[in-house]
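Every number in this text was worked out from the coordinates using simple rules, so none of it is lab data. Only a predicted model underlies this, so the values are computations on that prediction, with no experimental measurement involved. All Cβ positions, glycine included, derive from the backbone under ideal geometry; neighbour counts span all protein chains shown.
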Amino acid sequence: MSSRALLAIETSCDETAAAVVTDGYDVRSSVVHSQATLHADWGGVVPEIASREHVLKVIPTIRAALDEARVTPSDLEAVAVTVGPGLPGSLAVGVAVAKGLALAWDKTFLAVNHLNGHLLSAELDGGHVAFPAVYLLVSGGHCLIAYARSPGTYELLGQTRDDSVGEAYDKVAREMGLGYPGGPAIDRLAAQGRDTLSLPRPMLDTGYEFSFSGLKTAVRRQLEHGPVEPKDLAASFATACIDVLIAKLSRAVDEYRPQSAVVVGGVAASPILRNRLVEELGDRTTVTLPGLKYATDNAAMIGAAAWRQLEEYGASSEAVQVEPRLPLAAVVRGEA
Ligand code: KG4
Ligand code: ZN
């Protein structure tokens, strides 16, 4: 193989994922085993079920990623893994396996921040981000806005005070009996309905912080009090969420005048959000989105973040432990 390659492993939540990524962020393989059907009956991720499934699937997933990329361990330079943030038991599976493989194969070990992975997801497979950039990260676990003057220099502008937007989608979908994960189900229904219910747009006119728990409660009240057309409820909820996301990002675009607005994370897979971003921000900045398969959790983005980290900070210590509450942009070097 001509360029350098590493193996990346991601087990922070309910996807067991492995990828082979080159130092140019080219994805040679990206295998994702979604556990969604296992958690669907419970309406959300059950941590104990998630970690047990990671134990069963992590080695076959790694093997599939190596096979698909047509590489053997001798072709690899490093083994990278998500160390946080995420579910402690789930993270522990990936970290233990990655450390073991790095040791057995005598490779560089890289402990990666899941959030940094999401932020780099738009640069996979030749994607280009122009700087300065503002980032909106919208996933099941996170909802935040950051400013980056140059690559990798994230300044947190604001985040959610309570639920993340993906979490709100998942909880509303559960109340509506739409199953898990809620995002795609609500999106499909919303596409057929209309925004008729005037749901609240929390914190629309202030700063860069978010709050989605009140909106979730407003949906519950609608379900309790009236006959309501599910497709209109879905459309009203999705529109309220997206109005808030776009208002915050629009404020950041006006204040920071970035070359690009980069929207990443599972909710960035929403076609409704993607279309509105381009419509409403496209005349002021370049809207940059990851490919659909790199919006939701995957290991390719962890591989890209690992290369960036290796260039800037070098290898991680194998003494690093899982960091379930790791904040944005903390690089794990292993001194802690
Ligand atoms: O990034 P991700 O896979 O995992 C975390 O890091 O949390 O995001 C998962 C979240 C879930 O809440 C899911 O409902 C949401 O992303 N999601 C969507 C869509 N696809 C996934 N939300 C809205 N529309 C979608 N099409
Ligand atoms: Zn994620």
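Mean residue ellipticity at 222 nm, helices only, the chain: -13500 deg cm²/dmol; runs of at least 4 DSSP H residues each add -39,500 (n - 2.57), and the sum is divided by the number of residues. Peptides 129-142, 222-235 ordered by packing proxy, namely the average of other Cβ atoms within 10 Å per residue, highest first: 129-142, 222-235. GNM remark for the chain: springs join alpha carbons under 10 Å apart, and the peak mean-square fluctuation among ILE272, ILE145, ILE302 falls on ILE272.
List the trypsin sites (Lys or Arg not before Pro) in the range 22-107 that DSSP assigns to loop (not H, G, I, E or B) and whose Cβ has at most 14 other Cβ atoms within 10 Å. Which are they?
Answer by residue number: ARG70.
Once the dipole of the chain is set up with Lys and Arg at +1 and Asp and Glu at -1 on Cβ about the Cα centre, which of GLN159, TYR313, GLY44 lies farthest towards its positive end? It is GLY44.
With a Förster radius of 51 Å applied to the C-beta separation of ARG4 and ARG221, the computed FRET efficiency comes to 0.40.
Anything over 27 Å Cα to Cα? Flag those among LYS171/LYS248; LYS57/LYS216; LYS57/LYS248; LYS57/LYS107, in the order listed.
On the way: LYS171/LYS248 22 Å; LYS57/LYS216 34 Å; LYS57/LYS248 39 Å; LYS57/LYS107 22 Å.
Exceeds cut-off: LYS57/LYS216; LYS57/LYS248.
Rounded to the nearest 0.05, what FRET efficiency do ARG284 and THR37 have when you use their Cβ-Cβ distance and R0 = 30 Å? That pair, ARG284 with THR37, gives E of 0.15.
Using the Kyte-Doolittle scale, which helices in the chain average at least 1.0 and also have C-alpha atoms spread 27 Å or more along the helix axis, with helices defined as whole DSSP H runs?
Long hydrophobic helices here: none detected.
In this calculation the C-beta distance from ILE272 to LEU204 is compared with R0 = 25 Å, giving a FRET efficiency of 0.90. Rounded to the nearest 20, the Cβ-based charge dipole of the range 1-154 about its Cα centre (Lys and Arg +1, Asp and Glu -1) stands at 240 debye. Taking 0.36 nm per residue of separation and subtracting the Cα-Cα distance, full extension of the segment from ARG188 to PHE131 would add 17.1 nm.
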